[in-house]
Structure formats: C-alpha cells, structure tokens
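**Q** Below is one structure. I have some questions about it.
Every read-out reported here was derived from the displayed coordinates using simple, explicitly stated rules and does not represent laboratory data. For clarity, every value in this text was computed on a predicted model and none was experimentally measured. Backbone-built Cβ (ideal geometry, glycine too); neighbour counts: all protein chains shown.
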Amino acid sequence: MIKRVRHHVLRDIKDKNINVDDHRERTQEFNDNYVAFTCLLANPNDGLLYCGVTAFNTDILHAFDPVSRTFRSLRYQDVAEPFEIKVHRSLELASDGTIYGASACLHGVNKRLEAPGGSLFRYHPKRAKIEKLGVPVARDYIQTISLDEPRGLIYGQTYPVFCFFVYHLATGQVDDLGYVGSITHISAVDDQGCLWGTWDSVAHNLFKYDPAQQKIIFFDHGLPDGHKMGGLMYPGSGPVDCMINGGDGYLYIGATGGTLLRLDPKTAEVKYLGKPYASQRMPGLKIWPDGRLLGVVGDTDLSYLFTYDRESGRFADLGPIIDTETGLALYRTHDLAIVDDAHLYVAETDVPSRSGYLWECEVKL
C-alpha cells in the first residue's frame, strides 16, 4: 500500500491553457519555467534519480537527490540546439555507469527544415560531461531508445516520422531501417537479443529486429484490440505504453488502454493478463525484488499504483497517487522508477494548468 505521497517541483508556471502542441511563439517566462517529467532512471551507483524533462529552454536533463530532495541541472543546454526540448523515454544505464540518452522535439512541420534532428548522447556521472554521439536520422527526433549492451547496440524510434534505427556503439555506424508506421512508448529486448516494436499505421502489428540476421521480422498480428488503442498517446502512436523483459522468458506490456499483457518471444503470442483500473495508460512497469510486477496507470487526475503477482495472476491495488499533505492529485503518469524498497518515483506530464512534478511514493509491499 501507499503510505505517503509528496510532489517535488523543479520549476513551475501556472496557466489555465497550457498546450505544448501549440506551435505559436511562447513567452520567455513560459520557456524558462515550464517543465514536464517524461523519463526517470534510478542509478544504484550514486543513489541519484536521473530525470529527463520537457523544457523549452533546452535544460532537459537533471539529477534528483532522494536524500536531500533537491534537483541539479546537468547542463544539457550547453550542448543543445534549439529544437532539443525534451528527453522523452530515452535514458538507459550501462554497466560501466555510463548513461545513454536521446533528445526529442515538439516543433511543428513548418520548422522541420530548420531542425537538424535528435541526438544520441552519453553522460558519465564521474566525469559530469555530456557527449553527443551524433544525429542518427536527419530532421527526425528520438522518442525512445533501448540499450542492448551485450551486443553494443542502441535501438531508436523517431518522431514525427516513425522510423526505426540501430546504432553501433563501437563504430558509430547507423543502420536506418526507415519508416515503420507505428511507434512504441518504449520497447524491450528479449533473451535472444531481439528488439520488439510495432509497425503499420492502422493495425499496429508486432515486429522484432533480429541482430543476428540484421533484419526486421514483421508479424501479421498485434496486441488484443491494439488497433483501437492506437493514437491514445499522441496522433499515430501505437498501443505499447511500456514494455519490459520480465526475466522469466517473457516480455510484459502495459498498453495505452490500461491493460497488462504478456508476450512470448518464442511464438509472438500475446496473452491478456488483465486491467487493474478503469483508467487508460500504463506507462510504467518494473520488477519488484520478490518477482511481482509493479505498475502505474493514470490519465487526467486518475493515477494509481498496483502490483501483479505472476504466480497467482492477481492484481493488488496500492492506492491513488495523491499528495498526503496537500491533496493534490497526479494528473498524467509518464514513467516509473524504484529507488529503494520503500520509495518509488513517478513522472508527471501534460498538465493543462501548470508544470509537471516529480512524485515520490513511500510504499509498503
């Protein structure tokens, strides 16, 4: 159950009509003060929580100290170009402590020819320096990446054109696999090293990329009701809100409709496991130390934490994410991170009247 909830403010702005998809010129006050939390990475090496945010002043990467409850900018703006205004679902930790990330955008098509494209980057906390690795796909920005460290690969998916690419860390080579018509919020690599995603702008069927064959295998089926859940994240997006390797031979998927599913990589079979709440969206899934899945759902002031016992097939409701002291409710969830066995953090985005906050949940499971 949730014992206590508190929210943490990086920067804030109050406005009754915030719309980040409005491409008209914004005020300097808005650019300097609006943020939304989009990506979280708990780093056991230093105990910090790394936060990718939306920020129109390009200050899009921060570290949060759970002990002092303070933020520190990692100064991405020192290397940024003007169109790099968020780290969407693109922070990955390597075994040597390096953090890999990618930059995303929100500009309109009228600015497309001015924008060079999203960058892959890396940051090592001990060196405290951001290094850009390059722009994998010209003019498109990077919504999500997945690191396959054993094979030295980073998989990426781009926006606004939904392309899929493979980046080779050893050489800097980019394999641009081109337009696939769909996109996941974040993908996962199975035990055989294959990356799973979705393709086709209507059906949103499954595909896997096999690095051994260096090719995409396209399947003619997707998630149950996947075509109905397409576009719930943003126009054209697919139904996969979150995907993780469960460590038991399966991949687990939180779908945009708020359902939990299990994918068998050996057969590409997708099994429906259940829907813990009436709410849409399931952007965060993690594995608790005892093997249960921990997840977050929520959209428009209805956000909850839950667990799923893989042995019994039962969900457990941990409760709503509402600040214990102020009564403020989390508006829309976007990511989930576990810092220790008592503290979880949830990213909040797309609030129509203020900035998004970082939400700390003290739990007892």
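**Q** Considering only DSSP states other than H, G, I, E and B, which GluC sites (Glu not before Pro) in the stretch 276-352 qualify as loop sites with at most 10 other Cβ atoms within 10 Å?
**A** Working: sites: E311, E325, E348; in loops: E311, E325.
Answer in residue order: E311, E325.
**Q** Could you pull out every residue, at least 5 positions away or on a different chain, whose amide H is within less than 5 Å of the one on G257? Hs are placed 1.01 Å off N in the peptide plane, and Pro or chain starts have none.
**A** R281
**Q** Based on the alpha-carbon gyration tensor of the stretch 47-167, what equivalent-ellipsoid semi-axes (square roots of 5 times the eigenvalues) come out, in whole Å, largest first? Kindly include the intermediate steps, with their values, before the conclusion.
**A** Numbers: eigenvalues 107, 65, 24 Å².
Sorted largest first and rounded, they come to 23, 18, 11 Å.
**Q** Per residue of the stretch 192-200, what does 6.51 cos²θ - 1.76 cosθ + 1.60 with θ = phi - 60° give for ³J(HN,Hα)? Whole Hz please, x for Gly and Pro, Karplus curve as stated.
**A** 8, x, 8, 8, 10, x, 10, 9, 6
**Q** DSSP loop trypsin sites (Lys or Arg not before Pro) in the stretch 1-110 with at most 13 other Cβ atoms within 10 Å of their Cβ, which ones?
**A** On the way: sites: K3, R4, R6, R11, K14, K16, R24, R26, R69, R72, R75, K86, R89; in loops: R11, K16, R24, R26, R69, R75.
When the trypsin sites (Lys or Arg not before Pro) of the stretch 1-110 are filtered for loop state and at most 13 Cβ neighbours within 10 Å, K16, R24, R26, R69 remain.
**Q** In deg cm²/dmol and to the nearest 500, what is the mean residue ellipticity at 222 nm of the chain if only DSSP H runs of at least 4 residues count, each as -39500 (n - 2.57), divided by the residue total?
**A** Working: 2 runs with 10 residues, N = 365.
The per-residue figure over the chain is -500 deg cm²/dmol.
**Q** Mind listing the long-range amide H neighbours of L133? Cut-off is under 5 Å, sequence gap 5 or more, other chains count too, H placed in the peptide plane at 1.01 Å from N.
**A** When sequence neighbours closer than 5 places are left aside, the close amide H contacts are L120, F121, R122.
**Q** Can you list residues from other chains, or at least 5 along the same chain, whose modelled amide H is less than 5 Å from the amide H of Y50?
**A** Residues meeting the amide H criterion: L41, A42, N43, F64.
**Q** Report the gain in length on full extension from D15 to Q173: 0.36 nm times residue separation, minus Cα-Cα distance, nm rounded to one decimal.
**A** 52.5 nm
**Q** If you plug each phi of the stretch 70-80 into the Karplus form 6.51 cos²θ - 1.76 cosθ + 1.60 with θ = phi - 60°, what whole-Hz ³J(HN,Hα) values come out, in order, with x for Gly and Pro?
**A** Using θ = phi - 60°, the values come out as 10, 9, 9, 5, 9, 6, 4, 4, 6, 10, 7 Hz.
**Q** Apply the Karplus parameterisation 6.51 cos²θ - 1.76 cosθ + 1.60, with θ equal to phi minus 60°, to every residue of the stretch 3-18 and state each ³J(HN,Hα) to the nearest whole Hz, in sequence, with x for glycine and proline.
**A** Once rounded to whole Hz, the list reads 8, 7, 10, 9, 10, 10, 9, 7, 9, 8, 8, 10, 7, 6, 9, 6.
**Q** How large is the dipole of the stretch 246-365 about the Cα centre if only Lys and Arg carry +1 and Asp and Glu carry -1, each at its Cβ, rounded to the nearest 20 debye? Write out the running numbers ahead of the final one.
**A** Working: 12 positive and 18 negative charges, 100 e Å.
That gives the stretch 246-365 a dipole magnitude of about 480 debye.
**Q** Related question: Pick from K132, K271, K111: which residue has the top mean-square fluctuation in a GNM of the chain where Cα pairs under 10 Å get a spring?
**A** Among K132, K271, K111, the largest GNM mean-square fluctuation belongs to K111.
**Q** Cut-off is 10 Å between beta-carbons; in what order do T349, T307, T256 appear when sorted fewest neighbours first? Mind dumping the intermediate values first?
**A** Numbers: T349 23, T307 18, T256 26.
The order, fewest Cβ neighbours first, is T307, T349, T256.
**Q** GNM on the chain, C-alpha springs below 10 Å: top fluctuator among V79, V339, V137?
**A** Maximum among the listed residues: V79.
**Q** Would you mind telling me which residue in N45, N205, N33 has the biggest mean-square fluctuation in a Gaussian network model of the chain, where springs connect alpha carbons within a distance under 10 angstrom?
**A** N45
**Q** With no solvent and one point per C-alpha, what does the Debye sum give as log10 I(q)/I(0) for the chain at q = 0.12, 0.15 Å⁻¹?
**A** -0.85, -1.43
**Q** Please give me the summed charge of the neighbours of F306: other residues whose Cβ is under 11 Å from its Cβ, Lys and Arg +1, Asp and Glu -1. Before the final figure, lay out each step's value.
**A** Details: positive: K275, R292, R314; negative: D309, D317.
Here the count lands on +1.
**Q** Given R₀ = 25 Å, FRET efficiency for D22-D78 by Cβ-Cβ distance, to 0.05?
**A** Using R0 = 25 Å, I get an efficiency of 0.35.
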